[in-house]
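Peer 1: Here's a structure for you.
The values are calculated or read from the model by the stated rules, or taken from the named source; none is laboratory data. It should be emphasised that the depicted structure is a prediction, and the values quoted were computed from it without experimental measurement. Using ideal geometry, Cβ is built from the backbone for each residue, glycine included, and neighbour counts are taken over all protein chains shown.
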Amino acid sequence: MTKLYGIIGKSLTHSFSKKYFKHKFKKENRKDVSYEIFPLDSIHQFPLLMQQHPLIEGLNVTIPYKEDILKYVDILDATAEKVGAVNVLKILRKDTKYTVYAYNTDIIGFDSLLKKYTLPSDTQALILGNGGAAKAVAFVLKSMQIPYQSVSRQEQTNTLLYQQITDKIIQEHHLIINCTPLGMLPHVDSFPHIPYKAIGDKHLLIDLVYNPSETLFLKKGKEQRAGIEYGYEMFYLPAEASWKIWNTSPQQ
């Protein structure tokens, strides 16, 4: 019997996941598994998806459901609970019932990515966006004792609006992470609106978008001589961690 895995999200035209896992299964000669894309117009369609596809044993979760999916989770990993968002589901079934376990592997990807750099002790970060990916980034920054400021389009406590970002704020925050979908295929002409002219060669810009590999956000940073980091590692490492979770018995 074929084991079924996949990814849920609202728009999945940008996703590498099916291609990545198809290649992985072929490389490992796994003919008993498959990976599919499951676009959901609403997270409320999740129970119906589970009914229609009784062979699903694991799912990746992407924009915009990394927080909304929590209402359908039965057992939440302790770290994921601290983050407040998940991107991996493991499904255990018994007869017609199923149990949903949830995890966050985004933190693995961002932690590994950031540790490639020796950042100055006075580094401060700007997190662009306030979704599930941003929560994983904030968790890692906090664990590394790197002060950060969140930026959003909507007014929230302890959050700046994009129009409030001044040259001085940019100059004080040398680590800037794009956690929004801006720049993602097919909307490759979009980018976060910040004062790029204030960016210099001491800045490091990280984009969690991995398709295309070099977004306008990164191009604009490179034009200002900033260091840039592509988003593929934030796809690859969490994907590998997902596969490990799906093939490991959950902690009861």
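Peer 1: Restricting attention to the range 147-179, which residues are β-branched (V, I, T) and at pLDDT below 95?
Peer 2: Within the range 147-179, T157, T159 meet the criteria.
Peer 1: Moving to a separate point now. So, in the range 97-136, exactly how many residues are hydroxyl-bearing (S, T, Y), out of contact with any Asp or Glu (no Cβ under 6 Å at 6 or more places or on another chain) and in contact (Cβ under 8 Å) with a residue 40 or more places away in the chain?
Peer 2: Looking only at that region, the number is 6.
Peer 1: Criterion first (touching a helix residue (DSSP H, G or I) at 6+ places or on another chain (Cβ under 6 Å), aromatic (F, W, Y) and farther than 30 Å from T13 by Cβ) does Y103 satisfy it?
Peer 2: In short, no.
Peer 1: Could you list all residues from the range 70-87 that are over 15 Å from P250 (Cα atoms), assigned to a helix (DSSP H, G or I) and within 16 Å of the chain's Cα centre (by Cα)?
Peer 2: First, pick out the residues of the range 70-87 that are over 15 Å from P250 (Cα atoms): 70-72, 81-87.
Okay, now just the ones that are also assigned to a helix (DSSP H, G or I), so 70-72, 81-83.
Those that are over 15 Å from P250 (Cα atoms), assigned to a helix (DSSP H, G or I) and within 16 Å of the chain's Cα centre (by Cα): L70, E81, K82, V83.
Peer 1: When you go through K19, K31, K10 one by one, which is the residue that is surrounded by fewer than 16 Cβ atoms within 10 Å (Cβ to Cβ) and farther than 21 Å from H187 by Cβ? So that I can check it myself, show each step before the final result.
Peer 2: Working: K19 fails: farther than 21 Å from H187 by Cβ; K10 fails: farther than 21 Å from H187 by Cβ.
None of the other options fit; the residue is K31.
Peer 1: Moving on. For the range 112-126, does any single residue satisfy the condition of being at pLDDT 95 or above, under 29 Å from N60 (Cα atoms) and of a type in the set (A, V, I, L, M, F, W, C)?
Peer 2: Yes, the conditions are met somewhere in the range 112-126.
Peer 1: In addition: For residues that are aromatic (F, W, Y) and surrounded by fewer than 17 Cβ atoms within 10 Å (Cβ to Cβ), scanning just the range 87-130, find the one that is nearest to A198 (Cα to Cα).
Peer 2: Applying the filter and picking the extreme gives Y117.
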